[in-house]
1. Using the crude model of +1 on Lys and Arg Cβ and -1 on Asp and Glu Cβ, and no other charge, please compute the dipole size for the chain relative to its Cα centre, in debye to 20.
2. Just in the range 1-106: which chymotrypsin sites (Phe, Trp or Tyr not before Pro) are loop by DSSP and have at most 15 other Cβ atoms within 10 Å?
3. Amide H to amide H, which residues 5 or more places from residue 135 or on other chains are under 5 Å from it, using H placed in the peptide plane?
4. When DSSP assigns beta bridges and you keep just the ones with both residues in the chain, what percent turn out antiparallel, to the nearest 5?
5. Which of the listed residues, 95, 110, 81, is farthest toward the dipole's positive end in the chain, when Lys, Arg count +1 and Asp, Glu count -1 at the beta-carbon?
6. Lys and Arg at +1, Asp and Glu at -1: add these up for the other residues within a Cβ distance under 13 Å of residue 24 and post the number.
7. Hey, with R₀ at 35 Å, roughly what FRET efficiency would residue 133 and residue 105 work out to, going by the Cβ-Cβ distance, to 0.05?
8. Please give the contour-minus-distance gain from residue 91 to residue 63: 0.36 nm per residue of separation, less the Cα-Cα distance, rounded to one decimal in nm.
Amino acid sequence: MKTEVAPGIEVKSSKIDGKGCFAAARFEKGRKIAEYVGEKISRHEVARRLKNRRRIHISGIDSYWAIDGRCGGNGTQFINHSCEPNCYSKVIHGHILFFALRDIEPGEEITLDYGESYHSDRKRCSCGAASCRGRINA
Ligand SMILES: [Zn+2]
């Protein structure tokens with residue numbers, strides 16, 4: 001199954017890490033950017049997948065369910081972490097949604113503070129922000 005990239009975003013190579021998700025349109029502060037879509041998996045499946053993958057495209061919905069954007073993702077699975085992000089995510093009725101934290105201009109990479117992620121606490125951050133905390137997990 002292949003899903004189209006969500007309207008208003010595009011996937012390109014990123015200075016932060018691998019591929020990134022970029023704004024192809026202007027998103028005003030507070031505006032919804034896109035939904036994190038993909039395969040809905042349980043925490044048992046999350047644990048299994050984390051064991052044998054180097055790149056993780058899994059985002060949690062709650063303590064049991066998560067979405068793996070590697071299958072059926074719409075481009076938002078490539079949103080990289082930054083310690084000075086321009087977007088944030090919110091879970092609403094079981095859907096993971098991204099919103100603009102400030103005005104985002106076309107061409108800007110869309111970034112998110114992962115906070116507590118499925119990444120290892122040892123995973124180093126290379127976001128390049130002045131306030132970079134040095135690690136991905138908060
Ligand atoms: Zn950082």
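All of the numbers you see were taken from the coordinates with simple rules; none came from a lab. Source: prediction; values computed, not measured. For neighbour counting, all protein chains shown are included, and Cβ atoms are generated from backbone atoms with ideal geometry for every residue, glycine included.
1. With Lys and Arg at +1 and Asp and Glu at -1, about 580 debye.
2. Qualifying residues, ordered by number: 64.
3. Residues meeting the amide H criterion: 125.
4. Details: 25 of 28 bridges.
Expressed as a percentage, antiparallel bridges in the chain total about 90.
5. Sorting the options by dipole projection puts first 81.
6. Working: positive: 12, 26; negative: 4, 10, 105, 108, 109.
Local net charge: -3.
7. Computed FRET efficiency for residue 133 and residue 105 comes out at 0.90.
8. My answer for the length gained is 8.9 nm.
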